[in-house]
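*Asks:* Handing you this structure, nothing more for now.
FYI, it's all coordinate maths here, none of it is from the lab. Please read all numbers here as calculations on a predicted model, not as lab measurements. All Cβ positions, even for glycine, are placed from backbone atoms using ideal geometry, and neighbour counts span all protein chains on display.
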Amino acid sequence: MKNLLPIFLAFLFLNLIACEPKKPAPEKDNLEGKAWWKEGVLYQIYPQSFKDTDGDGYGDFKGVIEKLDYLESLGITMVWMNPFFESPMVDNGYDVSDYRGINPRYGTMEDFQAMLDGMHARGIKFVLDVVVNHSSDQHDWFLQSRSSRDNPYRDYYHWWPAEKGTPPYRHSLFDPEGAWEYDSLTNAFYLHTFAEQQPDLNWENPKVRQEVYDIMKFWAEKGVDGFRMDAFQFASKDTTWPEFPEGHEKDFIKWYGMRPQLHEYLKEMYAEVIEPYGVFAVAEGAGSTFQDAHDLVDADRKELQMAYHFETVDLSRTPEGYDLADFKNVFSKWDSAFAEKGWISIFLSNHDNARMVNRFANPDPKFITPSTQLINTFLMSMRGTPFTYYGDEIGMTNIDMPTIEEYVDVEALGKYQAAKSSGQDMEEFMQILNYNSRENGRTPMQWDATLQAGFTTGTPWMRVNPNYTEINVSAQDQDPTSILNHFRKMTKVRKENPALVYGKYELVQKEHPDIYAFTRKGEGQNLMVILNFSKNSSSIKLDQLPTESNLIINNYSDVNVNDQDMSLNLKPYQALIFSFD
Ligand code: GLC
């Protein structure tokens, strides 16, 4: 018996380490109070367009590895990377056919690990995109599911047997013909909220949920620090399939999103993955009311840590742009809804949107620098975790694509078909698409002025924006007044001034037509942020003025104050932050 004890203990120990998640237990304040994901500055990488090293025209992991020092130089602390899994690429990787496999276009698992380790070595956390509202129709689950009505995977997806007649109409975001697709193989319809090749997974099935948690654990064990839950508000469905009133799809989120069961599933996910692995999760979408959003992220609910809503990014959808009063209102209202509880992200662009410069700044060469610096100052000064989309740190702009032939994006092509069949004015449609399409935000990263902007030595998967000769990293790197160096300053300012993370936000002179001014107070600091959103000079009277000693950031070389009447005169798109007593 004596001799067996060490063996027994070794066995016990091995079992213990096999069962224990590799990641440390989360800190107590994971949801409430201070947290790394609140203090972080996130940078989003669209891997296909970031940096190609093998000349195939697609960005790859080795390209990201090559640019790790650049990422570190930006002062960002988190990277969210769009999907890089095995995929037929109908929706550029948002149609996953193997959640544990890497699309060879991006490299191997070893390359992924090297990239992740390289980020960690530089203090950068990694956020994985989890696309589980739907899979690809080429995923083995779906191939099995569609093969027969009694296949064990049948209930992994939503099926409507055709003998019951036509299913109640459901809108699809990508397919003008609606979200039910007839499949003759088993004489049934399957549901797809996005493209026909992206069947919705059945979250009501506990086996599906377990599969998802296992996938998340697989990546958490590789060391990823967080998850971005794609299209997640739509995951749970009312499977009694009631008829919805005509036109309901105009209020898509209200009818299709945030079902009560979703919260049960999130609690389950939190207990299974988020808490034990000490990881963080952010949901795409936050429902249609503040209550919905709070239900996702309030600390005591233990569901998610963060969500992002679309109300701010949706402010500018046509070439006419947006109104500053609305901009102030929407940001202020979301801030006040989350002043006491919960946490959201702050962003104005991502891979589903046209470029921030065109929609919220001013792409005119005369103004692009100060106006982009102003928007970046704004994003880094608000309460919430700032998300920056690759290229926005150098002011990349929309690409001009006036005719449909050049479009490859499944969303743009679906919208085009829908507009055509409903008899819309196609000239006007194309003008808006050209301004607003998400292809604008997917052009290759502009590294330098060499051929293909230094993105690839081959033919890029998508045309490089011809303005790369002027707008590129290399041109801005050494220029202290560039958009890039202002961005670097702002990430530093954010880190050095905790009031910008945790301080209370208060709008100043709400009615000012050109200037967005607000204070951030807390953590022993009082900060004033003053942003002139106009291409003209503008002035504001204040109780406190910036001085040489209290000025924290300025995107011009000087400040024009008048101590007599306590006014501050700002140049076009001038952005200032100063501290006050
Ligand atoms: C999300 C993604 C988007 C994708 C869609 C379908 O909205 O951000 O890019 O097309 O989900 O997965």
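*Asks:* When the Kirkwood hydrodynamic radius is evaluated over all pairs of different C-alpha atoms of segment 76-160, what value in angstrom, to one decimal, is obtained?
*Replies:* This gives a value of 14.4 Å.
*Asks:* Using the Cα atoms of segment 151-310, I'd like the radius of gyration and the largest Cα-Cα distance, Dmax, both in angstrom.
*Replies:* Rg, Dmax (Cα atoms, Å): 16.4, 48.
*Asks:* Using only the alpha-carbon atoms of segment 520-578, report the extent along each of the three principal axes, biggest first, to the nearest angstrom.
*Replies:* 35, 24, 17
*Asks:* So, one more: Show the residues, 5+ positions off or on another chain, whose built amide H is closer than 5 Å to the amide H of ILE552.
*Replies:* ILE577, PHE578, SER579
*Asks:* Check which residues have an amide H placed less than 5 Å from ASP129's amide H, if you skip close sequence neighbours.
*Replies:* MET81, ARG228
*Asks:* Here's a follow-up. Starting at the first residue of segment 181-193, write each ³J(HN,Hα) from the Karplus equation 6.51 cos²θ - 1.76 cosθ + 1.60 with θ = phi - 60°, in whole Hz, x for Gly and Pro.
*Replies:* Listing the rounded values in order: 10, 7, 10, 5, 3, 10, 6, 8, 9, 10, 8, 9, 5 Hz.
*Asks:* Moving on to the next point. So for the chain, averaging the separation of alpha carbon pairs under 8 Å that are six or more residues apart and normalising by length, what relative contact order in percent results?
*Replies:* Relative contact order comes out at 13 percent.
*Asks:* In what order do ILE404, ILE346, ILE375 fall by count of nearby beta-carbon atoms within 10 Å, going from fewest to most?
*Replies:* Final ranking by Cβ density, sparse to dense: ILE404, ILE346, ILE375.
*Asks:* Counting only residues 5 or more places away or on other chains, whose amide H sits under 5 Å from the amide H of THR385 once H atoms are built in the peptide plane?
*Replies:* So THR385 has HN proximity to ILE344, SER345, ILE346.
*Asks:* Could you tell me how far the Cα centroid of segment 346-389 sits from the Cα centroid of segment 396-427, in Å?
*Replies:* 24
*Asks:* Roughly how tilted is helix 260-269, in degrees to the nearest 10 and between 0 and 90, from the longest Cα axis of the chain?
*Replies:* 90
*Asks:* Same structure, new question: Neighbouring Cβ atoms within 10 Å as the yardstick, rank MET229, MET426 fewest first.
*Replies:* MET426, MET229
*Asks:* Let me ask another. Short version: ³J(HN,Hα) in whole Hz for each residue of segment 323-337, in order, from phi by Karplus 6.51 cos²θ - 1.76 cosθ + 1.60 (θ = phi - 60°), x for Gly and Pro, what are they?
*Replies:* Here the 3J(HN,Hα) series is 9, 4, 4, 5, 4, 5, 4, 5, 5, 5, 5, 5, 5, 5, 5 Hz.
*Asks:* Taking Cα atoms, how many degrees apart are the long axis of helix 483-496 and the longest axis of the chain, rounded to 10 and kept between 0 and 90?
*Replies:* The answer is roughly 80 degrees.
*Asks:* Taking neighbour Cβ counts within 10 Å as the exposure measure, how do ILE274, ILE515 sort from fewest upward?
*Replies:* If I rank by nearby Cβ atoms, fewest first, I get ILE515, ILE274.
*Asks:* For the chain, compute Rg over Rh where Rg is the Cα radius of gyration and Rh is the Kirkwood radius from the inverse mean 1/r over Cα pairs.
*Replies:* 0.98
*Asks:* Turning to a different aspect of this structure: Express the relative contact order of segment 339-483 as a whole percentage, based on alpha carbon pairs under 8 Å and six or more residues apart in sequence.
*Replies:* 26
*Asks:* Aspartates and glutamates near LYS237 by alpha-carbon distance under 14 Å, same-chain residues fewer than 8 away left out - which ones?
*Replies:* ASP155, ASP200, GLU204, GLU264
*Asks:* Exceeding 28 Å between C-alpha atoms, which entries from my cross-link table qualify? They are LYS341/LYS510; LYS125/LYS302; LYS34/LYS489; LYS333/LYS535; LYS125/LYS333; LYS34/LYS535.
*Replies:* Too far apart for the 28 Å limit: LYS125/LYS333; LYS34/LYS535.
*Asks:* Sticking to Cα atoms, compute the Rg of segment 147-232 to one decimal and its Dmax as the biggest Cα-Cα distance, whole number, in Å.
*Replies:* 15.3, 48
*Asks:* So what's the angle, to the nearest 10 degrees on a 0 to 90 scale, between helix 206-222 and the longest Cα principal axis of the chain?
*Replies:* Taking Cα atoms only, the helix is inclined about 50 degrees.
*Asks:* Let a ≥ b ≥ c be the square roots of the eigenvalues of the Cα gyration tensor of segment 467-581; is it rounded (a/c under 1.5), or, if not, prolate (a/b larger than b/c) or oblate?
*Replies:* Oblate shape, in that a/c is at least 1.5 and b/c is the bigger or equal ratio.
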